[in-house]
Amino acid sequence: MVVAKEQPYYQSPPGEKHSPAGHSRPQARPREHLMLMLLVLLVFALGVLIMVFYSRLFITGYKIARMQKELAELEIETRGLTEEVSRLSSLERVEALATTRLGMVEPDENQVVLVKAAGEPGDVSREPRQADKPGSGNTEKGGLPGEHHWVLQALADLVIHHSSGHSG
């Protein structure tokens, strides 16, 4: 006769499963499970943060390179424009344009009127006229009372000199 070997019977608390080999697998407690999930989430968030940081770094580097290229192009353009301004404003070119396009001629010696500016540096002998004195009501735009604009006076003297019989 064959007799079956007796196996001990263990009763587990409710909710725990019993393995057929008699070994029970230890289950993680809910608190440990939560900590593991938080750690995985933290590592994921840190990875995303690092990726955002490096993408910003690469974008900024690209913008810097683009701005440096644009700056170099603008410096070249500025040099070219400066040379063009120098060329266009040279006295020889202005004189050539005045004589060819505008039909201007150089004046003769009897057509030249020399005007001495009254307010030149070093000229302290000038006494103000009655119209130039403060309180006389002769104030020009932007000028102080008693200050008379010498360019306007020279122009007025030239017009008076030209209309007084020097028609030519």
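Which members of the stretch 88-134 meet the condition of being surrounded by 10 or more Cβ atoms within 10 Å (Cβ to Cβ), at pLDDT 80 or above and assigned to a helix (DSSP H, G or I)?
L88, R93, V94, E95, A96, L97, A98, T99, Q111
Would you check if there is a residue in the stretch 77-85 being at pLDDT below 95 and in contact with a helix residue (DSSP H, G or I) (Cβ under 9 Å, 6 or more places away or on another chain)?
The answer is no; no qualifying residue exists.
The values are calculated or read from the model by the stated rules, or taken from the named source; none is laboratory data. Keep in mind that this is a model prediction, so the values were computed, not measured. All Cβ positions, glycine included, derive from the backbone under ideal geometry; neighbour counts span all protein chains shown.
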